[in-house]
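First the structure, in the form of structure tokens, and then the observations on it.
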Amino acid sequence: MPRSVRATAEWALWGRRAADQEHGVLACSDQGLRAADFDRIVNRFATGAPVSLPQVTLAWAGGAVEARVILLIQEQGDGALVDTRVFALKYTDLAQGPVSYEDLYEALQDVGLPREGPIEVELPALDAARIAARLTKQAMGTAVLLLTGEAVCVVEDGLSLRERLRRLDDVAALLPYGMRARLSAATWTSGTAAHRIRLSFSQAPQDAQNVYAGQFVPLPPDAKAARRYLELLASYENKETLVATLAAADEPMHFGQADLAVAALDGTARAPVGVPVEAVEGFVVALLERCAAALEQGDTTDLLRAVEELKSFTAVPHADEQRARYRRVLGERRLLAEGPGLDERVRAELYGALLGPAIGDHPTEAALKELRAVAGGRLHGALAAALWRSFEDGREEFRLDRDLTEQELSGFLTHLPFSDLVELAARESTEQALFLSAVEALEERAARESRDRRGSARMARALQGHGHLAGAVERHLPGDGEAQHRLLSALLQAAYGEGFGFAELERILSGSAVSFPALVTAAIASYRGTGAGEAFARSFLTGLVERQSLTEESGRAVLDKLAPAASAYTEWPRPPAAAPVRRRPAALMAMAGWVLAVAALALYLLS
């Protein structure tokens, strides 16, 4: 590794504008990224109002050669306002080191904004020995959990900003460096905010895979690639060698490619490194022909072997002409044509492997048009679902209402896995009609799979990961509390059924429900056991007090009137280190009304 690398940082200063009192970009370097780009980045990776400052978020933007690593630093602005400094550096520059998150923060933490033009910065290369010396089993387990595709929240208080940043760095060091082109991580996230952070710290549990100090979260039974990755991590006795090996795996990859992460450690990646472009193209075409032959002969075993080899080429750079050739082969060999006789899981594996080299991870209208032609004139359900899964960072560009016909959309929703259906419904850009169609498909899928215990568990985890869709329901059915309640009740019943017990009720009431009255009423209405009042007191009321960061004196003044026993379950905070963020009068009035409603509901339940 080189001792240091030079990189160019584009920047933006984000805060409250004096002209209209709205938040937005106050100034920016205005080179490759414009003000609108920075505005989208800040909003996409928002973590909620911080309880203390400063806080740091690591994120990403763009794909392929335009991929950037983003550093966001939230800090005290004028008075009680919060300003955010945003820095964007090309992933390819950082990968030359590579560079750790801590060193990136160290180099930019004191850079004042605004200033003239982009910033030239020298960054030290990642110190594998330093990171290896502090690795823990919890960091290893957290890294492996991320490969399951779940968001992970580390629930731990009392750590300094630098300690939390180092913990994030440790977890990232146990993944291929190329995943930093798609990793979002934060030193703090709000338990009441719907955020898109993949790895974060919080003072309270969230609707994610929660990791507690000293605890190891078991992997889901179906996470085969993640289990294999854990075995490989544990097999390295020399942790410095492990960190260096993963740091060298710098081809950008996303978290849906756990098999490539495994390949980075066990050496099974088939893509030739450093060979002429023509050789890579020949490998891919030969594998496409092999897949076609296996399909014709009904040889599923060889088909899956070819698919596994083909996956190794997903992260390899392919020129536009090469991708066009791959698409021609797909058409000539009818590899994407809809047809019976192939197991749906095998078909999903096949399409996922074919689309990587043929399309990449950013859809274009021209490419979609060509795919529709080679698939027989329409993007049938299985193919459309595979496209969605392939475009992890391009889904905002893959406009379903624009790119799919009504018939294609129906087939797409039928073939989309439950977790992806939930994500689609949760997206802020999803239109109301599509949202309602996705929810209808969720209910139908849940009804079909309700007898499968593992399927029910997957459905429940998917809903938990997106706040049980409470935010989306409120957004698409504003002002209609009854409709919100009925829809959320139907979703809870569909996903949990008779398995909606006391633990599930407590989990919902202690999570994001504090921000969504309809989720509170739906959860209580869906619960069929006894002790709902106890769960409400132990989980919801204590959570409300904790999230408000009330002192013990103020908190007891609330709890002792509603549920005296709940004080025993409350963790009282230390005095805040920073001035609280000023709220607008309208927001305060809305919160006051919600607290009064909570009090009334509590008195009813506990009477």
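The values are calculated or read from the model by the stated rules, or taken from the named source; none is laboratory data. Not measured: the values here are computed from a predicted model. Positions of Cβ are backbone-derived with ideal geometry, glycine not excepted, and every protein chain shown enters the neighbour counts. Note: areas computed on protein heavy atoms with side chains; ligands, DNA, RNA excluded. Shrake-Rupley method; radii C 1.70, N 1.55, O 1.52, S 1.80 Å.
Values for this structure:
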quantity	calculated
Long-range HN-HN contacts of VAL82 with modeled amide H, under 5 Å	GLY77
Sulfur and carbon atoms: percent of accessible area, the stretch 92-165 [1.4 Å]	46
Added length on full extension, which subtracts the Cα-Cα distance from 0.36 nm per residue, ASP30 to ARG486	159.4 nm
Pairwise label distance in nanometres, GLU163 with GLU440, each label 7 Å out on the Cα-Cβ vector	5.3
HN-Hα J in Hz across the stretch 138-153 - Karplus 6.51, -1.76, 1.60, θ = phi - 60°, x for Gly and Pro	5, 4, 5, x, 5, 4, 5, 4, 4, 6, 7, x, 7, 6, 10, 10
Sequence ranges 377-385, 19-27, ranked by mean other-Cβ count within 10 angstrom, highest first	377-385, 19-27
Normalised alpha carbon radius of gyration of the stretch 125-245 [divisor 2.2 N^0.38 Å]	1.01
For the stretch 365-377, 3J(HN,Hα) per residue [Karplus equation, 6.51 cos²θ - 1.76 cosθ + 1.60, θ = phi - 60°, Hz, x = Gly/Pro]	4, 5, 5, 5, 4, 5, 4, 4, 5, 6, 8, x, x
Accessible-area ranking of THR8, THR47, largest first, probe 1.4 Å	THR8, THR47
Net lengthening on full extension, GLU553/ALA525 (0.36 nm per residue, minus Cα-Cα)	6.8 nm
Stretch gain in nm, segment GLU338-GLU122, where the contour uses 0.36 nm per residue and the Cα spacing is subtracted	72.5 nm
Inter-part distance where the stretch 153-184 and the stretch 292-340 are each reduced to a Cα centre, Å	36
Calculated FRET value between SER429 and PHE502, using beta carbons and R₀ = 41 Å, to 0.05	0.65
Shape parameters for the stretch 109-176, alpha-carbon atoms, Rg then Dmax in Å	15.5, 45
Accessible surface, the stretch 195-345, averaged per residue in Å² (probe 1.4 Å)	51
Label-point gap, in nm, between GLU321 and ASP560 - each point 7 angstrom along Cα→Cβ	8.1
Separation in nanometres of the label points that stand 7 Å from Cα toward Cβ, at ASP222 and TYR236	3.0
Anchor LYS311: lysines whose Cα lies under 29 Å away (excluding residues fewer than 8 positions away in-chain)	LYS90, LYS224, LYS239, LYS369
Size of electric dipole in the stretch 33-144: Cβ of Lys, Arg +1 and of Asp, Glu -1, about Cα centre, debye, nearest 20	500
